[in-house]
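The values are calculated or read from the model by the stated rules, or taken from the named source; none is laboratory data. In this text, all values refer to a predicted model and were calculated from it rather than measured experimentally. With ideal geometry, Cβ positions are generated from the backbone for all residues, glycine too; neighbour counts draw on all protein chains shown.
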Amino acid sequence: MSETTNIIEDLKKPDSKHVDLKKKEETFTQRQMRFTWAQKIKWIAAYYARFPYVLFVLLFFTALHAASMVVQPIIFRNVIDNLRGGPEALNQYDDFITRFLVDNGWTSTGDLSLVFLAFATISLLIYLIVQNHRAWMNSRLEMEFRQEVFADISEHSPRFFGAFNTGDIITRLTDDVAEKLSWFSCSGIFRFYEALLMVAFSVIVMLSLNVKLALITIAPLPALIIIYGFCATKLDKRYDYLQSRISKLNDLMDACFSGIRVVKAYCQEEPQKKHFAKVVEDRRTAEISAVRAQTVIESFYTYIPEFGIALALVAGGYMVIQGEITLGGFLAFDYFVMLLIFPMLDIGSFLVKGLQSAVSIDRLMELQSYKSGKVKSGTKPLPSDIQGEISFEDVSLSLSDSRSVLANVSFTIESGQTVALVGKVGSGKTWTANLIPRLIDPDSGIVKIGGIPVTDLRLEDLRGLIGFVSQEPALFSDTIENNILFGRENIKPADIDWAIEVSQLKSELARFPDGLQTSVGTRGLTISGGQKQRVAMARALVTKPRILILDDCTSALDASTEDKLWEALNNLPYPTTNIVITHRTATLSAVDRILVFDNGRIVADGTHEELIAQGELYAELYRHDKLVEAV
């Protein structure tokens, strides 16, 4: 029988949906935890190190609150015994609190009651301080987790985004952080810390009051440790499986919404609804399974301490009747047992939530530790007289699956040239273009601009030199103007107007209801593909870059608009080096030079006329594209 299904008898019910989940869990290859408990504790501790004052307050005042709570049953005992036997009844006790009260003459019922109220008030004030700092730290750590992981992700190369789906990343930054880590990272940890202190202080005092009754009361507690040890692995599996279902659901929503046009074009609304319903049902069933297990285990942590209370009441009542302890001592003992109920619940909650949070920490650490070859900035400033010469020297690149995309590529592009990269799909054209602005770094070889290795240059300076228009223009849910500016400062309105003019976007603005202030919706969904390409072109041109990389960015333009665009690009008021990835035959026949790629290698290099005359791969590709355009 599966280890996951052994947790409790309740989970053996012949529910078809539950049985289906068990089969999935049995066949689900659990992602082994990549990090040890010590590494996870160190990960959280690094965040706490940023807030030493808050950490000190939580450590000190939590301990102070636990101590103040433990004092109250002693004072309560003295009040009860004083009522029954007078101040002399206190002389039988030699604990520090009672001796302090007697030595100072606070032995009347009124004095003792005031002292009890004073301690209760002080305890409440301390608790308010602790609660305030816990709440602040919960929200602060949530923000720190999310911002740091997001910042780390943004530095990764495209390899990273090939290894993790968008929906999975979103789940880790939202559900894992907000739902699993936000409360646990501070309140969960420090409530556990307070609970341990309360239990330790209470047991010590209880043993000092009456050893026999203390041992009877705490006898059931070791069972909680046994239950936790038995269930830990099973809970861990369920939480890991649940998070994978949440990631799958978010990934499906991202794919469906981003590709809604394709869904509607192929009338796939109903199949998508059915697929979505199935994935939602998988998540719901996984949620129920995890909650069932969690609820049963938390119930043990509720009822076992209550069993201890029942033992204390029966045994303590009998001992009072036999005269072994005073009524005040018995009520103080009962006070302690009641005081331990919530700490025991907090300990149980910590152990259960701790496993859940450990899975989420592991998932966040997995993002941060992914070895994708992060692009690190160089230190050399950009020379003021740098030219747009680009050279590749024996450059090779492989993806995470060890698939080679470039192999020993070498070429030089002179400053001011317009060079086209052509080849079949997957031949390495786009990866070559990505290496220039260092969206990814090669495994070996050197890429240079103006004779300087790009890895030596400051990343901000390097990318400021380059205008990049990708194959699929990415627009954000904002205005056209803000999509062009893209957060860059010191761009003059005249530069925006010029970029709009060159990119052939000006004629389109009159059709937009608010001109430049028109919102384009999520991913530019409210405008056409050609308009998106022209907005992306304006964004690349607005800083007047010395190098332009255009990755099939005119595929959605009509022939007339494309001709006007290239005419404008060829007559820019400053020299540019242009790298064009295209299949448009008119563009290919007009460039200065063509590099032909095949299986990650350059197999031909020359002008359009030279390559046509050779009659090899380029001529075949050109004829194919010419035929497609004619159709």
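Within the set Leu382, Leu397, Leu406, the sole residue that is over 23 Å from Thr607 (Cα atoms) and crowded, with 21+ Cβ neighbours inside 10 Å turns out to be Leu397.
Checking the structure you have, find out if any residue of the stretch 354-369 is surrounded by 15 or more Cβ atoms within 10 Å (Cβ to Cβ) and among the acidic types (Asp, Glu). Scanning the stretch 354-369, I find at least one residue that is surrounded by 15 or more Cβ atoms within 10 Å (Cβ to Cβ) and among the acidic types (Asp, Glu), so the answer is yes. Where helices (runs of 4 or more DSSP H) fall entirely within the stretch 151-216, those with at least 2 residues that are in the same structural domain as Leu64 (by TED's automatic domain parsing) and closer than 30 Å to Pro442 by Cβ are at 158-163, 166-173.
A quick yes/no check of all residues on (1) within 30 Å of Leu242 (Cα to Cα); (2) β-branched (Val, Ile, Thr):
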{"position": "Thr36", "(1), (2)": "yes, yes"}
{"position": "Tyr53", "(1), (2)": "no, no"}
{"position": "Leu59", "(1), (2)": "no, no"}
{"position": "Val79", "(1), (2)": "no, yes"}
{"position": "Ala89", "(1), (2)": "no, no"}
{"position": "Phe96", "(1), (2)": "no, no"}
{"position": "Thr107", "(1), (2)": "no, yes"}
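Screening the stretch 534-584 for residues that are assigned to a loop (DSSP other than H, G, I, E, B) and hydrophobic (A, V, I, L, M, F, W, C) and picking the one that is farthest from the chain's Cα centre (by Cα) gives Leu572. Summed over the stretch 502-554, the residues that are free of Cβ contacts under 8 Å to residues at least 60 places away in the same chain and in contact with a His (Cβ under 9 Å, 6 or more places away or on another chain) give a count of 0. Against the condition of a type in the set (Ser, Thr, Tyr) and either in contact with a Phe, Trp or Tyr (Cβ under 6 Å, 6 or more places away or on another chain) or free of Cβ contacts under 8 Å to residues at least 60 places away in the same chain (or both), how does Ser404 come out, does it pass? No; evaluated as a whole, the condition is false for this residue.
Against the definition (surrounded by 18 or more Cβ atoms within 10 Å (Cβ to Cβ) and either of a type in the set (S, T, N, Q) or assigned to a strand (DSSP E or B) (or both)), how does Val591 come out, yes or no?
In short, no.
Annotation note: of Gln531, Gln504, the sole residue that is out of contact with any strand residue (DSSP E or B) (no Cβ under 6 Å at 6 or more places or on another chain), surrounded by 22 or more Cβ atoms within 10 Å (Cβ to Cβ), not in a helix (DSSP H, G or I) and not assigned by TED's automatic domain parsing to the domain that holds Thr554 is Gln504.
The residue that is farthest from Val375 (Cα to Cα), counting only those in the stretch 428-466 that are among the aliphatic types (A, V, I, L, M) and in a loop (DSSP other than H, G, I, E, B), is Leu465. Please work out if Glu562 is out of contact with any helix residue (DSSP H, G or I) (no Cβ under 6 Å at 6 or more places or on another chain), crowded, with 19+ Cβ neighbours inside 10 Å, outside the structural domain of Thr518 (by TED's automatic domain parsing) and not β-branched (Val, Ile, Thr). In short, yes. Out of Ser357, Ser349, one residue alone is touching a Phe, Trp or Tyr at 6+ places or on another chain (Cβ under 6 Å), in a helix (DSSP H, G or I) and either closer than 29 Å to Val177 by Cβ or charged (D, E, K, R) (or both). It is Ser357. Taken together, the criteria place Val454 among residues that are crowded, with 18+ Cβ neighbours inside 10 Å, in the same structural domain as Val405 (by TED's automatic domain parsing) and of a type outside the set (Gly, Ala, Ser).
Each row is one residue, and each column tells you yes or no for (1) small (Gly, Ala, Ser); (2) at positive phi; (3) at pLDDT 80 or above.
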site: Asp478; (1), (2), (3): no, no, yes
site: Lys492; (1), (2), (3): no, no, yes
site: Trp498; (1), (2), (3): no, no, yes
site: Gly515; (1), (2), (3): yes, yes, yes
site: Thr522; (1), (2), (3): no, no, no
site: Thr526; (1), (2), (3): no, no, no
site: Gln531; (1), (2), (3): no, no, yes
site: Ala536; (1), (2), (3): yes, no, yes
site: Thr543; (1), (2), (3): no, no, yes
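When restricted to residues that are out of contact with any helix residue (DSSP H, G or I) (no Cβ under 7 Å at 6 or more places or on another chain), not in a helix (DSSP H, G or I) and not aromatic (Phe, Trp, Tyr), the stretch 71-107 contains 4.
Checked against the criterion of being assigned to a helix (DSSP H, G or I) and closer than 28 Å to Gly416 by Cβ, the stretch 476-485 contains one or more residues that satisfy it. Against the test of being touching a Gly at 6+ places or on another chain (Cβ under 8 Å), on the phi > 0 side of the Ramachandran plot and surrounded by 18 or more Cβ atoms within 10 Å (Cβ to Cβ), the options Gly416, Gly428 yield a single qualifying residue, Gly428.
Of all residues in the stretch 371-383, none satisfies being of a type in the set (D, E, K, R) and within 23 Å of Arg191 (Cβ to Cβ).
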